[in-house]
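Peer 1: First, the structure itself, so that you have it in front of you.
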Amino acid sequence: MAKNLSERIADRMRDKKATVGAQNRGAFLALKGEIIQALDDRWPVKTIWETLHDEGKVKFSYQAFRNYVNSLILAPKQGANQKISAVADHPMSQPNKIKQIAPATPRAPAPPPAAPQAPAGFIFNANPDKKALI
């Protein structure tokens, strides 16, 4: 029987040497819990990176570290809030719930708009009054 795609990918990845980027991402993911805790304790990202870099736990640049923090920690939190509200608002999220439509109630006619008032202050007139200039 043929292997499914996931099994074939797993076999391929076992045989393939890990790239530097994959090693860096793996190191970051191994420290993700500690990084989240430090961020929750309000430590700056730069200070967290400097500490981990001085300890030799991360060997990649601050910019790469910052990208990992943004994409793997901060973006999922922001996306989760948006996804939750989008799912709750989606009509298919509650298929058994029947919406009740209220009967239309007559509304009072809207008052007519007020006449525009002349602006206070200087008004430019392209055709000046000759009597006012003399």
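Derivation of every value follows stated rules applied to the coordinates shown; laboratory data play no part. This structure is a prediction, so every number in the text was calculated from the model and none was measured. Glycine gets a Cβ as well: all are built from the backbone with ideal geometry, and neighbour counts include every protein chain shown.
Peer 1: Sort 65, 124, 60 so that the residue with the fewest other Cβ atoms within 10 Å of its own Cβ comes first and the one with the most comes last.
Peer 2: Ranked by crowding around the Cβ, least crowded first: 124, 60, 65.
Peer 1: Provide 8, 66, 25 in ascending order of the number of other Cβ atoms located within 10 Å of each residue's Cβ, fewest first.
Peer 2: Numbers: 8 11, 66 14, 25 17.
In order of increasing Cβ crowding within 10 Å: 8, 66, 25.
Peer 1: Given labels modelled 7 Å from the Cα in the Cβ direction, how far is it in nm from residue 132 to residue 18?
Peer 2: 8.2 nm
Peer 1: Taking the Cβ of each residue in 17, 57 as the centre, tally the other Cβ atoms inside 10 Å and list the residues starting with the fewest.
Peer 2: Exposure proxy ranking, most exposed first: 17, 57.
Peer 1: Set the bar at 25 Å for Cα to Cα. Now go through 32/77; 3/77; 3/32; 32/59; 46/77; 17/77 and name every pair that lies beyond it.
Peer 2: 3/77; 3/32; 17/77
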